[in-house]
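Structure first, commentary second.
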Amino acid sequence: MSIKSDRWIKRMARDHRMIEPFEEGQVRTHNGGRIVSYGTSSYGYDVRCADEFKIFTNINSTIVDPKDFDSKNFVDFKGEVCIIPPNSFALARTVEYFRIPRSVLTICLGKSTYARCGIIVNVTPLEPEWEGHVTLEFSNTTPLPAKIYANEGVAQMLFLESDEVCEVSYKDRGGKYQGQTGVTLPKT
């Protein structure tokens, strides 16, 4: 298994629509102002957060149960800046839509700009032949409110290609998150 370079990422985006929309270089400014960068890096791709958020709330005082998740545990928010309450959590999605090749596993890591502010970005691996918008999980580990900026970089995708194709892909298994669009809540 090998990590893939910027040349491979550009070729896969261009020839196989692996990432849409796709930015060939690193974007660091918008309308003359500095932003958290996104686009192709040396060995990965920095994804952007869309402007759709689900902010965790305990208004209903329910139990969080992954097998019987209550959507009332979240408040929907749409905007350019999402404020996550102290010691809380929010879901979002990437601007980019992914189509992962059958021989590739994709791992996501948070960007240091957010990590150094106590904001942890979590994404489970994108398995071979998975496709969709990636649901992003943000944890605000601080005792203060935290901002997440829409349409700016939030995490980096690393692409690992195997020297052989997997026997059974996510698509073959009929994975429950296949083709997801929007912010997707837990399913069983």
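Looking at Thr142, Thr94, just one residue is within 11 Å of the chain's Cα centre (by Cα), within 21 Å of Val36 (Cβ to Cβ) and either in a strand (DSSP E or B) or hydroxyl-bearing (Ser, Thr, Tyr) (or both), and that residue is Thr94. The single condition among (1) outside any loop (DSSP other than H, G, I, E, B); (2) of a type in the set (Gly, Ala, Ser); (3) closer than 19 Å to Phe56 by Cβ that Gly182 does not meet is (1). For region 1-17, the criterion of a residue being under 22 Å from Ala150 (Cβ atoms), surrounded by fewer than 19 Cβ atoms within 10 Å (Cβ to Cβ) and of a type in the set (A, V, I, L, M, F, W, C) is satisfied by no position.
Scanning region 80-91 for residues that are under 17 Å from the mean Cα position of the chain (by Cα), assigned to a strand (DSSP E or B) and farther than 14 Å from Leu185 by Cα yields Val81, Cys82, Ile84. Can you confirm whether region 98-105 contains a residue that is in contact with a Leu (Cβ under 6 Å, 6 or more places away or on another chain), at pLDDT 95 or above, part of a loop (DSSP other than H, G, I, E, B) and among the aliphatic types (A, V, I, L, M)? Scanning region 98-105 turns up at least one residue that is in contact with a Leu (Cβ under 6 Å, 6 or more places away or on another chain), at pLDDT 95 or above, part of a loop (DSSP other than H, G, I, E, B) and among the aliphatic types (A, V, I, L, M).
Every condition in (1) in a loop (DSSP other than H, G, I, E, B); (2) touching a residue at least 60 places away in the same chain (Cβ under 8 Å) holds for Val134 except the one numbered (1).
Among the residues of region 18-46, the one identified as of a type in the set (Lys, Arg) and exposed (fewer than 12 other Cβ atoms within 10 Å of the Cβ) is Arg34.
The number of residues in region 98-117 that are surrounded by fewer than 19 Cβ atoms within 10 Å (Cβ to Cβ), within 23 Å of Val168 (Cβ to Cβ) and among the hydroxyl-bearing types (Ser, Thr, Tyr) comes to 1.
Can you tell me how many residues within region 118-134 are of a type in the set (Asp, Glu) and either surrounded by 19 or more Cβ atoms within 10 Å (Cβ to Cβ) or in contact with a Cys (Cβ under 9 Å, 6 or more places away or on another chain) (or both)? Total satisfying the criteria: 2.
The values are calculated or read from the model by the stated rules, or taken from the named source; none is laboratory data. Quick caveat, the model's predicted, so the values are computed rather than measured. Reconstructed Cβ throughout: ideal geometry from the backbone, glycine too, with neighbour counts over all protein chains shown.
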